[in-house]
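Asks: I have a structure here, written as structure tokens, and I will follow up with some questions on it.
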Amino acid sequence: MNVAETKSELLKSVAALVPDLAKEAANYDHAACFPSASLAMLREAGLLMAPMPVEFGGFGLNDAADPAGLFRLLHLLGYADLSLGRIFEAHVNALELVRHYSTPRQIEAAALAAQAGDLFALWVTDPAKQGVQLSPDLVLTGEKWFCSAAGVAKQALITAQTEAGSQMVLLPLTPDIRVTDRGVKLAGMRAAVTGSVDATGVLISKGALIGDPGDYVREPMFSTGAWRSSAIALGGLAALIDTAKDELCSRGRADNPFQRMRLGQSLIAHETGRLWLLEATKRLGSEEAVAYVNLARTAVEVACLDALRHVQRSLGLSAFMQGSKAERIARDLATYLRQPAPDEVLVEAAGYFIHHGTVMP
């Protein structure tokens, strides 16, 4: 079986898992606990190796080799469970940074860890006052906030401030690294188990340093990676639209012309976002990649917010009943859409096209 056939079979196996993952989602949301059984399904299917390069034993579902295939995978997982999708996208993001900035030996070590079942996390948000610091003798001090999969992930790519600037560190997560809920209490994405992590006193090795200072925020990778989060969100939107459609059908309301109008607008919103993201995956290596992904990210946010409004108006109070499928997906989606600096990225994208771009094909 060649690489293309292997990836096709992998995506088929994930699609077959979606109904079971979606059933688990409600239970994990209600308990606000990590979706361990769902992650076990992904691990068993080989998904933790999906973004690794083929030459390191992976499936090559990454930005460089097959972003369209990765879009399909992320959309499926977002459809199944936005919290699980968030956790998996962070795993992909961390491994993408390792793939792009690390030495071959570091990439091989990460691939072996993923193959052994390690879940990777990406923790880069600092508290308002001071975040994680890395001393010259390689000792960490300080906290990270908004850490999804806290207490469960086996390795985390974090940023730490050094004398030379912000440095990426691949941190093995041992039991002595303290997890708290300080600074974190989200209404949605409960099963993502987002907490705060205190790395104070942890001694790291030189081999844990990924890339050079400043690499994490280096363009184009810093901005273009946002398309992956948008793919997860769009999958959640698709699940919300299907949920609304099924509920309207069960009530005998689906043929009402106003309900059909709102459903049609929601379908247009999803398709608009899908086309933007697929086009973005084609432009990742171009000069306009950052600007185009920022536009795509904005388009997906607008599409999701528009469709949320239509769905909630269609379903009425049932869309706000705690424990209902529509309420859970809508709550998770609204939370997940709050990505950093939405106004700034739109202004910067427009600025690029003012000075460099054209709307002509």
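Asks: Check every one of the strands (runs of 3 or more DSSP E) wholly within segment 137-219 and list those with 2 or more residues that are under 30 Å from ARG331 (Cα atoms) and touching a Ser or Thr at 6+ places or on another chain (Cβ under 8 Å).
Replies: 143-147, 178-180, 195-198
Asks: Of the residues that make up segment 280-288, is at least one part of a helix (DSSP H, G or I), open to solvent by less than 10 Å² (accessible area, probe 1.4 Å) and more than 17 Å from MET221 (Cα to Cα)?
Replies: No.
Asks: Specify the residue that is least open to solvent (accessible area, probe 1.4 Å); the eligible residues are those in segment 160-176 that are at pLDDT 90 or above and of a type in the set (Val, Ile, Thr). Quick ask: steps written out before the conclusion?
Replies: Filtering segment 160-176 for residues at pLDDT 90 or above gives 160-173.
Filter once more, so that each one left must be of a type in the set (Val, Ile, Thr): 162, 169.
On the way: THR162: 34, VAL169: 0 Å².
Within segment 160-176, the match that is least open to solvent (accessible area, probe 1.4 Å) is VAL169.
Asks: For segment 103-117: of the residues being touching a residue at least 12 places away in the same chain (Cβ under 8 Å) and either polar (S, T, N, Q) or part of a loop (DSSP other than H, G, I, E, B) (or both), which is surrounded by the most Cβ atoms within 10 Å (Cβ to Cβ)?
Replies: The residue in question is GLN106.
Asks: Which residue pairs have Cβ atoms under 9 Å apart, sit 6 or more places apart or on different chains, and have a first residue in segment 325-341 that is more than 14 Å from ALA80 (Cβ to Cβ) and of a type in the set (Gly, Ala, Ser) and a second that is surrounded by 20 or more Cβ atoms within 10 Å (Cβ to Cβ) and at pLDDT below 95?
Replies: The qualifying pairs are ALA326/ALA319; ALA330/GLY188; ALA330/ALA319; ALA334/GLY188.
Asks: Take ALA15 and decide whether it is touching a residue at least 24 places away in the same chain (Cβ under 8 Å) and surrounded by fewer than 20 Cβ atoms within 10 Å (Cβ to Cβ).
Replies: It is true that ALA15 is touching a residue at least 24 places away in the same chain (Cβ under 8 Å) and surrounded by fewer than 20 Cβ atoms within 10 Å (Cβ to Cβ).
Asks: So which pairs qualify, if the first residue must be in segment 34-50 and part of a helix (DSSP H, G or I), the second must be surrounded by fewer than 15 Cβ atoms within 10 Å (Cβ to Cβ), the Cβ gap must be under 6 Å, and the two must be at least 6 apart or on different chains?
Replies: ARG43/GLY117
Asks: Continuing with this model, one more query. Hey, can you tell me all the residues within segment 134-159 that are closer than 27 Å to GLY85 by Cβ, open to solvent by less than 10 Å² (accessible area, probe 1.4 Å) and over 20 Å from the mean Cα position of the chain (by Cα)?
Replies: Hits for segment 134-159: nothing passes.
Asks: Suppose we filter segment 305-361 for residues that are farther than 27 Å from ALA32 by Cα, surrounded by fewer than 20 Cβ atoms within 10 Å (Cβ to Cβ) and of a type in the set (Val, Ile, Thr); how many remain?
Replies: 4
Asks: Hey, can you tell me all the residues within segment 48-66 that are within 16 Å of ASN2 (Cβ to Cβ), open to solvent by less than 30 Å² (accessible area, probe 1.4 Å) and within 18 Å of the chain's Cα centre (by Cα)?
Replies: Across segment 48-66, the qualifying residues are GLY60, LEU61.
Asks: Quickly run through segment 100-123 and pick out the residues that are within 20 Å of THR174 (Cβ to Cβ), touching a Gly at 6+ places or on another chain (Cβ under 9 Å) and hydrophobic (A, V, I, L, M, F, W, C).
Replies: Correct list: ALA109, LEU112, ALA114.
Asks: Right, something else. Could you please let me know if ARG297 is assigned to a helix (DSSP H, G or I), of a type in the set (Lys, Arg) and at pLDDT 95 or above?
Replies: Spelling it out, ARG297 is indeed assigned to a helix (DSSP H, G or I), of a type in the set (Lys, Arg) and at pLDDT 95 or above.
Asks: Would you mind stating whether GLY131 is surrounded by fewer than 22 Cβ atoms within 10 Å (Cβ to Cβ), of a type in the set (Gly, Ala, Ser), at positive phi and not in a strand (DSSP E or B)? Give the derivation first.
Replies: Working: surrounded by fewer than 22 Cβ atoms within 10 Å (Cβ to Cβ): yes; of a type in the set (Gly, Ala, Ser): yes; at positive phi: no; not in a strand (DSSP E or B): yes.
Answer is no for this residue.
Asks: Six or more apart or on different chains, Cβ atoms under 7 Å: show the pairs whose first residue is in segment 245-258 and under 19 Å from ALA307 (Cβ atoms) and touching a residue at least 12 places away in the same chain (Cβ under 8 Å) and whose second is open to solvent by less than 90 Å² (accessible area, probe 1.4 Å) and of a type in the set (A, V, I, L, M, F, W, C).
Replies: LYS245/ALA254; LYS245/LEU263; GLU247/LEU315; GLU247/ALA326; LEU248/ALA254
The values are calculated or read from the model by the stated rules, or taken from the named source; none is laboratory data. Just so you know, these numbers come straight off a predicted model, no measurement behind them. Ideal geometry is used to build each Cβ from the backbone, glycine not excepted, and the neighbour counts take in all protein chains shown. Heavy atoms of the whole protein, side chains included, go into the accessibility calculation; ligands, DNA and RNA do not. Shrake-Rupley method; radii C 1.70, N 1.55, O 1.52, S 1.80 Å.
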